[in-house]
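The values are calculated or read from the model by the stated rules, or taken from the named source; none is laboratory data. In this text the structure is predicted, and so the values were computed from the model without any measurement. Cβ placement follows ideal geometry from the backbone for every residue including glycine, while neighbour counts extend to all protein chains displayed. Note: accessible area is taken over every heavy atom of the protein model, side chains too, but ligands, DNA and RNA are not part of it. Shrake-Rupley method; radii C 1.70, N 1.55, O 1.52, S 1.80 Å.
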Amino acid sequence: ACSGENGTRDRAILNLLYSSGLRAGELVALRIGDLNLTTGAVWVDCGKGNKSRWTYCCAATRRALRGYLRDRGEPAEDAPLFLARRGGEALTYAGLVHVLKSRAAQAGVKDAPGAHDFRRGFALAYLRAGGDLVTLARLMGHSSLEVLRLYLAVVDRDLARGYAQFGPS
């Protein structure tokens, strides 16, 4: 559903939100120089609590980002990664919310997901694939494992559902 005006930008935004676990505020604060499109490393300079960290994005996201940057031209390293619809201003939180709502409507999704839904999706995909909690906490910028208990509860329900469906009877 990322066709038309700003399609490559919005595809890159959606991919990056899901594959990196970034918070909305972290995404809109990114600069071109915060990305390494070879390794997928993403530097979060001012995360929650002014904590900095590394996270990563997948190959599909790197391709989407390259496409967006190719369409955008040759921005400076300190330029905002994502620009607003009109002009050279940085995308704001309100602009990100608009992107999520408009692309959801274009895709026929009745209840538009928020940025945190993408973050939650990242955490669940990581855990379902067998990732460990300590690494996930660091990738997401959590200072303790307590916050991850919310995500882990969903994974535990997945286990119970899987066992009920496939376990011995």
Q) surrounded by 15 or more Cβ atoms within 10 Å (Cβ to Cβ) and among the hydroxyl-bearing types (Ser, Thr, Tyr), is that true of THR55? A) yes
Q: Select, from ARG138, ARG103, the only residue that is over 20 Å from LEU35 (Cβ atoms) and among the basic types (Lys, Arg).
A: ARG103
Q.
Restricting to region 2-29, count the residues that are surrounded by fewer than 17 Cβ atoms within 10 Å (Cβ to Cβ), farther than 22 Å from ALA125 by Cα and not hydroxyl-bearing (Ser, Thr, Tyr).
A. 3
Q: Take region 144-169 and flag every residue that is out of contact with any helix residue (DSSP H, G or I) (no Cβ under 6 Å at 6 or more places or on another chain), surrounded by 12 or more Cβ atoms within 10 Å (Cβ to Cβ) and not in a helix (DSSP H, G or I).
A: VAL147
Q.
If the requirement is being within 20 Å of LEU16 (Cβ to Cβ), in contact with a Leu (Cβ under 9 Å, 6 or more places away or on another chain) and not β-branched (Val, Ile, Thr), which of these qualifies: ALA59, ALA115?
A. ALA115
Q: Restricting attention to region 126-135, report how many residues are without any contact (Cβ under 8 Å) to a residue 24 or more places away in the chain and either within 19 Å of TRP54 (Cα to Cα) or surrounded by 13 or more Cβ atoms within 10 Å (Cβ to Cβ) (or both).
A: 5
Q) Residues ARG138, ARG119: which one is over 30 Å from ASN6 (Cβ atoms), in contact (Cβ under 8 Å) with a residue 60 or more places away in the chain and either surrounded by 13 or more Cβ atoms within 10 Å (Cβ to Cβ) or among the aromatic types (Phe, Trp, Tyr) (or both)? A) ARG138
Q) Give me the pairs: first residue in region 85-111 and in contact (Cβ under 8 Å) with a residue 24 or more places away in the chain and of a type in the set (S, T, N, Q), second residue open to solvent by less than 40 Å² (accessible area, probe 1.4 Å) and in a helix (DSSP H, G or I), beta-carbon distance under 7 Å, and six or more apart or on different chains, which are they? A) THR92/VAL28
Q. Just wondering, is there one or more residues in region 30-47 that are within 21 Å of ALA137 (Cβ to Cβ), in a helix (DSSP H, G or I) and either in contact (Cβ under 8 Å) with a residue 40 or more places away in the chain or open to solvent by 40 Å² or more (accessible area, probe 1.4 Å) (or both)?
A. yes
